[in-house]
1. What number of residues within the range 33-61 satisfy the criterion of being under 13 Å from A103 (Cα atoms), touching a Phe, Trp or Tyr at 6+ places or on another chain (Cβ under 8 Å) and β-branched (V, I, T)?
2. For L98, state whether it is over 17 Å from the mean Cα position of the chain (by Cα), more than 23 Å from A228 (Cβ to Cβ) and surrounded by fewer than 19 Cβ atoms within 10 Å (Cβ to Cβ).
3. Considering only the range 75-123, state which residues are of a type in the set (S, T, N, Q), touching a residue at least 24 places away in the same chain (Cβ under 8 Å) and in contact with a strand residue (DSSP E or B) (Cβ under 9 Å, 6 or more places away or on another chain).
4. Consider the range 251-306. How many of its residues are in contact (Cβ under 8 Å) with a residue 40 or more places away in the chain, among the basic types (K, R) and over 17 Å from L157 (Cβ atoms)?
5. What are the residues in the range 48-73 that are β-branched (V, I, T) and assigned to a strand (DSSP E or B), if any?
Amino acid sequence: MMMVQEDQKFHTLVHRMNAAWQLLRTWVLKGGISAQVTGLEILQSDGHIIKLIVREHGDLDLQRNPHIAADEFKLLNLLHSENVSVPKPYHLVPDGELFLKPALVIEYIEGKANFAPSNMNEYTYQLAVALSQLHRIDCSCVDVSFLPLQIENYNKLLVKDLLRLDSLLNNSDTLEKIHSFLRLPSCNKVAILHGDFWPGNLLWNNGQLISLIDWEDAAVGDPLADLANGRLEFLFHFGEDAMNCFTNHYQAMMPTVDYSHLAYWDVFAALRLCRFSEWGLDEETVKMMHDKHRFFVTQAINRLIS
């Protein structure tokens, strides 16, 4: 009976979106940890078949931002209008209407993440193109008031997770530098940030990057925040050379960005990604990530004190 009720909810949803559409099937999409994701296959009145996704955000995201579905819907509309490669948003389901939680209906992208690129230079180049395109959007010309400030997010991380970085940051000089930096105005223009820029949130098809997905961590702030997060993720998954290649491509495409404070943003990226031991990974992978994480933090600290 529960399955019948769930199916009926999706039939009702499709009918509300367009009374002439017919739901052909649904399926559960696996792999995400921040949302419950259901695929929909729909027959349109003209005979064409489209695939959509229903995203229901998880409890942690909703606790952090009760309006996260509506905010992501607005953001995807904005990015789609700016020709950023994101899933097209179709419909927003308010809280308690059809589903227990608010839900977002977006385009289904025929692609998958690529963790084994055959050409690392081309791979990192395409990622740098996508990130630079996002960061070039002029925030003074679009409404981004619904997005949080990334610096405030990192202020909270600094309080909560600083001790996880063991002894590397546990000295007064380094801590004072970091806290002083938080009080300084940004050297760069505010940009829209993905907030979780890593290979798992990038979809590929036939060697082409076709979509940036999962925007629940989006914010506004210094573009170096996204760059630093991507740098650490590249170090984790592909090594130091790939990290540097990605960084060099981005810097070449964004020559007007001031990179003098990148070391600070590297520290914040390390704070954000310091809980990998809790991700259910095998012991060998955790050790590898710990070693790379410590290398990344050490490099950042050395640049801060030099």
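1. Total satisfying the criteria: 3.
2. yes
3. S85, N114
4. The qualifying residues number 3.
5. Those that are β-branched (V, I, T) and assigned to a strand (DSSP E or B): I49, I50, I53, V54.
Residues checked against (1) surrounded by fewer than 14 Cβ atoms within 10 Å (Cβ to Cβ); (2) among the small types (G, A, S); (3) assigned by TED's automatic domain parsing to the domain that holds Q8:
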| residue | (1), (2), (3) |
| --- | --- |
| Q22 | no, no, yes |
| T26 | no, no, yes |
| A35 | no, yes, yes |
| K51 | no, no, yes |
| R55 | no, no, yes |
| L60 | yes, no, yes |
| A70 | no, yes, yes |
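A quick yes/no check of all residues on (1) over 30 Å from Y154 (Cα atoms); (2) modelled with pLDDT of 95 or more:
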position: M17; (1), (2): yes, yes
position: V28; (1), (2): yes, no
position: G31; (1), (2): no, no
position: D46; (1), (2): yes, yes
position: D61; (1), (2): no, no
position: I68; (1), (2): no, no
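The values are calculated or read from the model by the stated rules, or taken from the named source; none is laboratory data. Predicted model only: the values in this text are computed from it and were never measured. Methodologically, a virtual Cβ is constructed for each residue, glycine included, from the backbone with ideal geometry; neighbour enumeration extends over all protein chains shown.
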